[in-house]
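Below is one structure, written out as structure tokens, with a few remarks after it.
The values are calculated or read from the model by the stated rules, or taken from the named source; none is laboratory data. Bear in mind the structure is a predicted one, so any value in this text is a computation, not a measurement. Cβ coordinates were reconstructed from backbone atoms using ideal geometry, including for glycine residues, and neighbour counts include every protein chain displayed. Protein only, heavy atoms only, side chains kept; ligands, DNA and RNA dropped before computing areas. Shrake-Rupley method; radii C 1.70, N 1.55, O 1.52, S 1.80 Å.
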Amino acid sequence: MENTALLIIDVQNDYFPGGKMELKGAEQAGARAKDILMYFRKNNLPVVHIRHLDQSKEATFFLPGTPGAEINTLVAPENKEKVVIKHFPNSFRETDLLEYLHQNRISNLVITGMMTDVCVESTTRAAFDLGFSNTIIGDATATRDRELEGKTVKAADVQRSFLAGISALGGLYARVVNAKDFMNGK
């Protein structure tokens, strides 16, 4: 686990039941993200919380100053943990994330968060392009149903497809494991 940091991407209240953009399985994914967070804290490893604040005029969730934009209490940051505010899906875009990781000699990322097919995917692909070795905790991510050509694509299918794609070609962009296996060293 040397040179490894945990990224918790957008585990914010608007994604949970009652939020403005509820995801399928958000509570379960949040619980697994908490397990991984506790593992990193117990082992005194670096943790980075990513918080999305949407500043576009069309924004309907993650609005600055609203309870929905707050990081969920399951994974609330502690004082020593880095919090990165972003305004785009890619957590590296127009943030200090890359600088922070380089300053702390981080070369391996363990990634959890929401939405699997948007912010988790774009951040993971960008991290790969920037030279990081990535592991996604698959059961610590969540998404929602999507629509394509007038047909609904179920969240479970979106989730499975995006995790399969990002781990294709022998884990080119990321290795995907579940929380239990990760904490057991698999």
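Computed quantities for the displayed model
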{"quantity": "Tally of residues being assigned to a helix (DSSP H, G or I), out of contact with any Ser or Thr (no Cβ under 6 Å at 6 or more places or on another chain) and open to solvent by less than 60 Å² (accessible area, probe 1.4 Å) across region 83-102", "calculated": "3"}
{"quantity": "Condition broken by Phe61, with the remaining ones in (1) hydrophobic (A, V, I, L, M, F, W, C); (2) in a loop (DSSP other than H, G, I, E, B); (3) touching a strand residue (DSSP E or B) at 6+ places or on another chain (Cβ under 8 Å) satisfied", "calculated": "(3)"}
{"quantity": "Any hit, region 54-75, residues being open to solvent by 50 Å² or more (accessible area, probe 1.4 Å), in contact with a Ser or Thr (Cβ under 9 Å, 6 or more places away or on another chain), touching a residue at least 12 places away in the same chain (Cβ under 8 Å) and closer than 27 Å to Asp145 by Cα", "calculated": "no"}
{"quantity": "Condition broken by Arg51, with the remaining ones in (1) out of contact with any helix residue (DSSP H, G or I) (no Cβ under 6 Å at 6 or more places or on another chain); (2) open to solvent by less than 30 Å² (accessible area, probe 1.4 Å); (3) in a strand (DSSP E or B) satisfied", "calculated": "(2)"}
{"quantity": "Options Lys80, Lys20; residue that is part of a loop (DSSP other than H, G, I, E, B), surrounded by fewer than 17 Cβ atoms within 10 Å (Cβ to Cβ) and touching a Gly at 6+ places or on another chain (Cβ under 6 Å)", "calculated": "Lys20"}
{"quantity": "Helices (runs of 4 or more DSSP H) (entirely within region 109-186) containing at least 1 residues that are at pLDDT below 95 and either surrounded by fewer than 18 Cβ atoms within 10 Å (Cβ to Cβ) or not hydrophobic (A, V, I, L, M, F, W, C) (or both)", "calculated": "168-171"}
